[in-house]
Amino acid sequence: MARILAVANQKGGVGKTTTSVNLAASLGAAARRVLLVDLDPQGNATMGSGVDKRKLSRTVYHVLLGQATVREALLTGLSCGYHLLPANRELAGAEVELVGLEGRESRLRVALAEVEGEYDYIFLDCPPALNLLTVNGLTAAHSVMIPMQCEYYALEGLSDLVQTIRRVRAHLNPRLEIEGLLRTMFDPRNTLSLQVSAQLVQHFGDKVYRTVIPRNVRLAEAPSFGVPVLNHDRASKGCQAYLALAGELLNRHQASSSEQTRQKA
Ligand code: ADP
Ligand code: MG
């Protein structure tokens, strides 16, 4: 069964999409079967995976509204190395249209059940808001990955997200965990970054990934070519960081599943 990770932070521009795309590609390169779900009406993950968002007849919008199955809307055979459930601006309407529908928070979870057995990882690239789309992501997920920039207001914003995660856990998805916090666009020459980073580790301990994503121009360029950085500049620091993050994720998950096996034995 797939492990489903929501990549979420209600702040925009913290690296959610960059992380979703490049982690999906890195795990794809490690021979894992990966699905990326674009949950943002901006469709950045869709474009960044090499798919033209303006030319789609079926997207995650149709899936959420029950007008298409995941399998019908899914894009496969892409050069990015993973499958994509795409999005475009039509998805902005879902927020309003979902309100009247039954099980509005759990429609993505129900829809994904159809394909869960076919992947090792499913990433949900959430929009920059704590809205119904993000709640659908959190309700469908096993865990949340939180990308963040180490700057002054970062920790403050985190408490709203943690509150939302608690609420979703209490009412909609008891299995939801915080998977980890990822430091993105990191600049070690910046004293404030180092301070915020230290506070983060103090507060969240092991939940903070050891891998740090540096600020790297190759990561910012890759979307303009419609490719993950792996297909743009494999040797770049940004690419190496996401490959290392994929390794860290795999190690953590292997460790926790062998722990579970031991407990069952
Ligand atoms: P979000 O999805 O959280 O809004 P994005 O992943 O789209 O954030 O990133 C915001 C902007 O920052 C994009 O232009 C992206 O290319 C750029 N970016 C993200 N991560 C990095 C990085 N590590 N180094 C340099 N630029 C980055
Ligand atoms: Mg984004």
Pairing a residue in the range 1-22 that is within 18 Å of S49 (Cα to Cα) and outside any helix (DSSP H, G or I) with any residue that is near ligand 1 (Cβ under 10 Å from one of its atoms) and among the acidic types (D, E), where Cβ atoms lie under 9 Å and the two sit 6 or more apart in sequence or on different chains, gives A6/D125; V7/D125
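The rows are residues; the columns are (1) more than 30 Å from L84 (Cβ to Cβ); (2) of a type in the set (V, I, T); (3) surrounded by 15 or more Cβ atoms within 10 Å (Cβ to Cβ); (4) in contact with a Lys or Arg (Cβ under 6 Å, 6 or more places away or on another chain).
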{"residue": "L192", "(1), (2), (3), (4)": "yes, no, no, no"}
{"residue": "E221", "(1), (2), (3), (4)": "no, no, yes, no"}
{"residue": "V227", "(1), (2), (3), (4)": "no, yes, yes, no"}
{"residue": "Y242", "(1), (2), (3), (4)": "no, no, yes, no"}
{"residue": "S256", "(1), (2), (3), (4)": "no, no, no, no"}
{"residue": "R262", "(1), (2), (3), (4)": "yes, no, no, no"}
{"residue": "A265", "(1), (2), (3), (4)": "yes, no, no, no"}
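Residues that are out of contact with any strand residue (DSSP E or B) (no Cβ under 8 Å at 6 or more places or on another chain) and closer than 30 Å to P214 by Cβ, at least 1 per element: which helices (runs of 4 or more DSSP H) completely within the range 87-190 meet that?
Working: elements: 94-99, 107-112, 132-140, 154-171.
So the answer is 132-140, 154-171.
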For the range 164-183, state whether one or more residues are over 24 Å from C239 (Cβ atoms), within 16 Å of ligand 2 (Cβ to nearest atom) and touching a residue at least 40 places away in the same chain (Cβ under 8 Å).
-> no
Any residue in the range 85-103 that's of a type in the set (G, A, S): show its pairings with residues that are assigned to a helix (DSSP H, G or I) at Cβ separation under 6 Å, as long as the two are six or more apart or on different chains.
-> A87/T46; A87/V60; A94/Y61; A94/L64
Test each condition in (1) within 16 Å of ligand 2 (Cβ to nearest atom); (2) outside any loop (DSSP other than H, G, I, E, B); (3) touching a helix residue (DSSP H, G or I) at 6+ places or on another chain (Cβ under 8 Å); (4) within 27 Å of N216 (Cβ to Cβ) for L27 and report the one that comes out false.
-> (1)
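Taking the conditions exactly as written (of a type outside the set (A, V, I, L, M, F, W, C) and within 25 Å of H253 (Cα to Cα)), does T164 satisfy them or not?
yes
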Which of the residues spanning the range 205-227 are within 14 Å of ligand 1 (Cβ to nearest atom), of a type outside the set (S, T, Y) and in a helix (DSSP H, G or I)?
-> V217, R218, L219, A220, E221, A222, P223, F225
Answer from N136, N88, N131 - the residue that is away from ligand 1 (no atom under 16 Å from the Cβ) and among the polar types (S, T, N, Q) | N136
Filter the range 33-86 down to the residues that are assigned to a loop (DSSP other than H, G, I, E, B) and among the β-branched types (V, I, T), then identify the one that is surrounded by the most Cβ atoms within 10 Å (Cβ to Cβ).
-> T59
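Here, each number is a calculation from the coordinates, and none is a lab measurement. Fair warning: this is a prediction, and the values are worked out from it, not measured in the lab. A quick note on method: Cβ atoms are made from the backbone with ideal geometry, for glycine too, and the neighbour counts reach across all protein chains shown.
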